[in-house]
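Structure record follows, encoded as structure tokens.
The values are calculated or read from the model by the stated rules, or taken from the named source; none is laboratory data. Model, not experiment: these values are computed from the prediction. Neighbour counts are summed over all protein chains in view; Cβ atoms, including those assigned to glycine, are modelled from backbone coordinates with ideal geometry. Please note that ligands, DNA and RNA were not included when accessible areas were found on the heavy atoms of the full protein model with its side chains. Shrake-Rupley method; radii C 1.70, N 1.55, O 1.52, S 1.80 Å.
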There are 2 protein chains.
Amino acid sequence: MSKELVFGHQNPDTDAIVAAMAFAYLQQQLGNDVEAVALGEPNEETSYALRHFAAATPRIIKEASSEVDSVMLVDHNESQQSVADIKDLTVTHVVDHHRIANFETVSPLFYRAEPVGCTSTILLSMFNENKVEIPAQLAGLMMSAIISDTLLMKSPTTTEKDRIAIKTLAEIADIDFESYGLEMLKAGTNLDDKSEAE
Amino acid sequence: MSKELVFGHQNPDTDAIVAAMAFAYLQQQLGNDVEAVALGEPNEETSYALRHFAAATPRIIKEASSEVDSVMLVDHNESQQSVADIKDLTVTHVVDHHRIANFETVSPLFYRAEPVGCTSTILLSMFNENKVEIPAQLAGLMMSAIISDTLLMKSPTTTEKDRIAIKTLAEIADIDFESYGLEMLKAGTNLDDKSEAE
Ligand SMILES: [Mn+2]
Ligand SMILES: [Mn+2]
Ligand SMILES: [Mn+2]
Ligand SMILES: [Mn+2]
């Protein structure tokens with residue numbers, strides 16, 4: 001296959017950024033030429049997680065069709081949440097945990113959705129199904145995404161599968177998810193860096 | 001969960017009938033109350049397969065909302081191919097190998113699509129992922145569905161995964177897939193039973 005870009009939704013949250021990184025890594029391990037990018041700057045919470053696990057911020061794009069024909073979507077499917085030129089691109093893969101709406105393809109594709117709290121929870125299953133090991137750094141980031149989407153397992157969208165995923169990934173990352181999670185969520189509510197307009 | 005119905009598209013082909021039976025069986029093994037039904041009479045080819053493997057024909061329904069609130073779709077997703085009252089029902093699961101179009105949900109759901117030749121090929125992966133054994137009778141039917149959709153691996157939609165699936169299922173069913181497959185496809189082109197109007 002020719003190179004594809006993988007990205008989450010506009011105004012990215014931690015899951016949108018991290019799920020793109022995790023799915024790109026999985027695809028790369030399966031031999032595919034894929035780059036994780038983002039549709040906007042990481043927020044404070046995501047920056048905290050990227051810094052904590054010493055991970056680089058994905059490249060930020062505003063449109064994709066000038067560099068690729070095909071893309072993979074994570075953490076969203078609705079066209080109005082996607083890259084500006086989504087109508088000019090072929091979507092080959094989606095991994096998501098939201099309702100399906102405003103989404104239509106010309107051809108068959110790979111689509112994986114589950115009604116769980118976070119895309120990264122689904123990706124953990126996919127790593128296991130494909131027998132691909134998750135590096136400690138990526139495990140820490142995926143754990144951060146699930147903590148973010150489930151508000152440390154407090155949100156009503158949290159499922160048993162999310163709880164198990166957090167614990168599994170925390171073990172791989174060798175980290176205390178509760179103390180780390182509180183610090184990360186706190187970083188996300190830090191108002192210091194926000195403009196007065198907000 | 002309360003009882004759900006699972007079905008393939010209108011004017012069912014072998015995959016539409018068999019994928020419903022296979023996904024219902026998988027869901028039942030996972031502890032869910034699910035019944036496989038069909039949106040029309042099996043065609044000649046499907047009847048041959050059901051007869052060969054001594055399987056009962058699923059109940060045929062014209063609408064679903066009088067008996068259930070939620071349904072699972074296999075081998076289709078487009079609403080115009082589905083049950084007449086699809087708009088009054090909640091779709092909780094889809095397993096399919098077609099493009100996505102005219103499909104929208106209010107809530108998150110389980111959606112599994114892959115660009116392969118047959119829904120039953122995807123279902124074989126799902127049985128394996130869930131570590132659920134496939135009974136010989138069901139394996140024979142799933143093999144029949146893949147032979148039907150891929151025209152015995154001759155159609156351009158055939159993938160390597162479909163080829164492996166046919167062989168894997170033929171071993172479970174303990175059957176020579178090539179001689180059986182030719183007989184089954186021949187039964188589907190048998191014009192003897194068709195009305196003069198056709
Ligand atoms: Mn998100
Ligand atoms: Mn998410
Ligand atoms: Mn079909
Ligand atoms: Mn089919």
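Things worth noting here:
- Of all the listed residues (B:Ala38, B:Ala16, B:Ala49, B:Ala22), the sole one being within 13 Å of ligand 4 (Cβ to nearest atom), among the small types (Gly, Ala, Ser) and touching a Gly at 6+ places or on another chain (Cβ under 8 Å) is B:Ala16.
- Flag for A:Leu30 being at pLDDT 95 or above, of a type outside the set (D, E, K, R) and open to solvent by 50 Å² or more (accessible area, probe 1.4 Å): yes
- Any hit, the stretch B:43-65, residues being open to solvent by less than 10 Å² (accessible area, probe 1.4 Å), at pLDDT 95 or above and at positive phi: no
- Annotation: A:Ser82 fulfils all but one of (1) away from ligand 2 (no atom under 15 Å from the Cβ); (2) over 22 Å from B:His97 (Cβ atoms); (3) within 19 Å of the chain's Cα centre (by Cα); the unmet one is (1).
- Taken across the stretch A:96-115, residues that are more than 10 Å from chain B (Cβ to nearest Cβ), of a type in the set (A, V, I, L, M, F, W, C) and open to solvent by less than 20 Å² (accessible area, probe 1.4 Å) do not occur at all.
- Scan of the stretch A:127-147 for residues that are within 13 Å of chain B (Cβ to nearest Cβ) and open to solvent by 10 Å² or more (accessible area, probe 1.4 Å), ordered by number: A:Asn128, A:Glu129, A:Asn130, A:Lys131
- The set of residues in the stretch B:4-19 that are in contact with a strand residue (DSSP E or B) (Cβ under 9 Å, 6 or more places away or on another chain), farther than 18 Å from B:Lys62 by Cβ and open to solvent by 10 Å² or more (accessible area, probe 1.4 Å) is empty.
- Within the stretch A:3-26, the residues that satisfy the criterion of being more than 14 Å from ligand 1 (Cβ to nearest atom) and out of contact with any Asp or Glu (no Cβ under 8 Å at 6 or more places or on another chain) are A:Tyr25, A:Leu26.
- Residue match in the stretch B:71-82 (condition: of a type in the set (D, E, K, R), surrounded by fewer than 19 Cβ atoms within 10 Å (Cβ to Cβ), away from every other protein chain (no Cβ under 14 Å) and touching a residue at least 24 places away in the same chain (Cβ under 8 Å)): no
- Flag for B:Asn11 being more than 21 Å from B:Ile134 (Cβ to Cβ) and free of Cβ contacts under 8 Å to residues at least 40 places away in the same chain: yes
- Looking only at the stretch A:148-162, and only at residues there that are over 13 Å from A:Thr119 (Cβ atoms) and within 17 Å of the chain's Cα centre (by Cα), the one that is most open to solvent (accessible area, probe 1.4 Å): A:Leu151
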